[in-house]
Each structure stands twice: as C-alpha cells, then as structure tokens.
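These notes are about the structure you will find just below.
Here, each number is a calculation from the coordinates, and none is a lab measurement. Quick caveat, the model's predicted, so the values are computed rather than measured. FYI the Cβ positions are ideal-geometry reconstructions off the backbone, even for glycines, and counts take in every protein chain you see.
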Amino acid sequence: MNFGLTEEQELLHQEARKFLAEQSPLDVVRRVSSEPRGYAADQWKAIAELGWTGLITDEKFGGTGLGWIDLIVVLEETGRALFPSPLVSTLIAGSVIADVGSDAQQERWLPALASGDEIGALALVDDASDPASQTATTRATGDGEGFRVSGRKRHVIDAPNATLLLVLFEDEGGAQHIACVPASSEGVRVKPCETLDRTKRIGHIELDAVHVDRDAILASGADAAAARERALDRGAIATTAEILGAGTAIHEITVQFAKDREQFGSPIGRYQGVKHPLAEMYVDLESLRSLLYYAAWAIEEEPGDVPLATSRAKAFASEAFTNIGVGAIQLHGAVGYTEEYNVQLYLKRSKWARPAFGDENHHLERVARLRGL
C-alpha cells in the first residue's frame, strides 16, 4: 500500500488548511469556544457547504462519497487548528446509519446529516469513559409498536449540541438495540459537562420513558453489538487523526519558540536538553502517522484488521499526545502555562483526547486480548 497522498488528497489537505487558517485562527477558536454553544453556526454551515459533514456519505444521499483516507486528511487539519465543531460525532453517526440502516432510514437521516442540518451524537455506551463495558443499563419496555426507553448515558461527546442521538438500549428479553432518537423527543434531557478543553463539548443524556418507534431501530442483537464496535473504532480513528494534527501543531509551535527564545546569548534550540525532546516528539508523531493511516486504510480495504489497528493507533496516540503536550509546556518554561500562549490550548486538548473512545490502558488491554495474550 502507498500512504503518500494523491494529487486530489493533497489539494483537499491544502484547501482545508487554508480555510481553517482564514476562518478559524486560534483567536477565533478562543472566542467561539468560550460561548455557550461552543461552535460557530456560520462556520458549521461553511464546512457543510464544503462537503465535510458528508465527506464519507454516499453521493445519492447528498454526500461527497470520498473515503476514510480523505477524511483523515481533513481531520488532521481540524485537529491542528483545534477547530470547535461536532464534526466527528456527526460523521460517525452517519457511518452507522449507512452501515446498518434500512433504505428508508438512510433516506430519512443521511441527507440531513450530510448537509449539516442534523448533528449526531453516539450514546452507545453507558459511560464513554468505559467503552469496554458490554452491558446496557438503559432499558426499554414494550409500548405498542415501539419501546419506552429509560436510562442515562454519561460523558457523551457532542451531546449538548446534537439533534439526533444514536442510543443503545436493552429490552425486557435482554436483547440490545441501536435506535435513532431525536434529541427533541419528549423525555430526553441533556446536561452539559464542564471540561478542561472548551473546544470539545460533552454531556450526560437522561432518557425518561422516551418513546422509540420500531422503524427507528437501526440494528438489534448481534448486529447491534457489531455496529457498536465499528462505531467506537471509527470514533477512535477519527479522534486519533485530530490528535496527530494537534500534536504536529504543538511541535511546530515549540520548535519556533526554541528558535526565537534566547538564553545566555543563544537560541535555546541549540542546547541538547531542548533538541532531544523535540526530536523525540517528531519521531512519535511520524510513528503515529503510520499507525493511523493503516487503521483508516483498513476500514475499506481490510475490515478484519480494523480492531487491532485501531487500538494500536489510539493507545499510542493517547500516551504520546499527553507526553508531547507536557513536554511542550516544559520547554516553554513558566510562560507555557499562561493564558496568553497558545501552547496551553493544545495541552488541554490532549487531556480531552486521552480518554475519548478509550485511553491507552483500554486499548493496550484490547491489543493483548486480540493477540491472544
């Protein structure tokens, strides 16, 4: 396989970087992320018009119809810019519906997600901080042609802004189901959570006897379990792409600081105590790039490799990004912690990204299990 970008992918990469540099520089990111919603409606409309919200959605549903490598190219740039938006959750929600939804369900939901008119969120685990859990305490009772669903989903990424929730619940017979639940449904309440990284929003979802029609059920039983695992893997890969972009940005910022900052009449970048950590960061980022691009490639070319490839990439990314963030702050000295410097924004992102879709401990244990260790 060749992980060099095609001419079209390189153009996509350049255009994404240009758009984000012009429309969402870090001073705009600071302002937007401090607002209650946490993202700008005009920017969301703009990326929808660029086709980002439907990048991997089939053209017949209003999407762009591109592949996962193309998506990774864009997500590296959104990570680099710390772009505040519910893009990843919306894309993964669409991929679940495309995978297991009926023709009618795809017709109903995919065009709206691809256009950005609907914002998706994944409520597929009871607590997003524990993605390994296979249980579902969100329960349902029969209600004529559907169910009444009650329970709580904790730490759901992008829940405060979502209009469409993909909810996993368990019925009275113990079978699990994934359903599309409009956030406006009676009995749905979302409580936003305070997070260190204000560019990413998380919330707890409470469902109190929420009616779910049977025609809203995307998958049941073994199909629901498989769809859940694929969605979590894809979320981890997408998050890892943003980690790579953010890690590259913080490395570049720190390299430039090392060139500009003088101590004892010389740039600090000349000293081994600065050069070596920066070199180690670069090696980690290039190693991560290889792991990430293989995992993204495998989604469409070698689906059987995806679980192992995903966990390798996300485990490495979670630890490396945190270390890079801490190292960059240390190399900036005391000023790195101040609000004035942008480097602290990336450290905050590393703290958010580490547990998203599983931290390194979760994924290392999964690697060992998949390898039969």
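Quick notes
- Measuring gaps between exposed loop sites in the chain (chymotrypsin sites (Phe, Trp or Tyr not before Pro); DSSP loop; at most 13 other Cβ atoms within 10 Å), the longest gap, sites not included, is 4-263.
- As a length-normalised measure over Cα pairs under 8 Å and 6 or more apart, the relative contact order of the chain settles at 16 percent.
- Cα-based helix-to-principal-axis angle, 306-332 vs the chain, degrees rounded to 10: 40 degrees
- q = 0.11, 0.21, 0.22 Å⁻¹, segment 214-332: log10 I(q)/I(0) [Debye, one scatterer per Cα]: -0.48, -1.05, -1.10
- Model label points for THR6 and ASN361, set 7 angstrom from Cα along the Cα-to-Cβ axis, are 4.2 nm apart.
- On the beta carbon distance between GLN263 and GLN14, with R0 = 30 Å, the FRET formula returns roughly 0.25.
- Projecting label points 7 angstrom from Cα along Cα→Cβ for THR137 and ALA209 puts them 2.2 nm apart.
- Taking each DSSP H run with n ≥ 4 as -39500 (n - 2.57) and averaging over every residue of the chain yields -17500 deg cm²/dmol at 222 nm.
- When the listed pairs LYS200/LYS275; LYS45/LYS200; LYS191/LYS348; LYS191/LYS351 are checked against a 24 Å cut-off, the alpha-carbon distance exceeds it for LYS200/LYS275.
- Annotation for segment 187-255 versus segment 262-281: alpha-carbon center distance of 38 Å.
- Degrees, to the nearest 10: 87-100 long Cα axis against longest axis of the chain: 40 degrees
- Average Cα contact separation per residue, segment 224-370, under 8 Å, 6 or more apart, as relative contact order %: 31 percent
- Between segment 125-173 and segment 300-373, the C-alpha centres lie 27 angstrom from each other.
- Projected onto its three principal axes, the C-alpha set of segment 121-220 covers 43, 29, 20 Å, listed from the longest axis down.
- For the pair ARG371 and GLU300, the difference between a 0.36 nm per residue extended length and the Cα-Cα distance amounts to 23.4 nm.
- Using a simple spin-label model with pseudo-atoms 7 Å out from Cα toward Cβ, TYR282 and ALA46 lie 3.2 nm apart.
- With Cα atoms, 0 to 90° folded angle of helix 222-260 axis to the chain main axis: 20 degrees
- Summarising the amide proton neighbourhood of GLY358: residues at separation of 5 or more, or on other chains, whose placed amide H is nearer than 5 Å comprise an empty set.
- Approximate shape of the chain as ellipsoid semi-axes (Cα gyration tensor, √5λ), whole Å, largest first: 36, 21, 20
- Share, in percent, of DSSP beta bridges within the chain that are antiparallel, nearest 5: 85 percent
- Of VAL96, PRO36, PRO86, farthest towards positive along the dipole that unit charges on Lys, Arg, Asp, Glu beta carbons give segment 7-118: PRO36
- Residues listed by number, segment 76-93, amide nitrogen under 20 Å from CYS193 label point at 7 Å toward C-beta: 84-93
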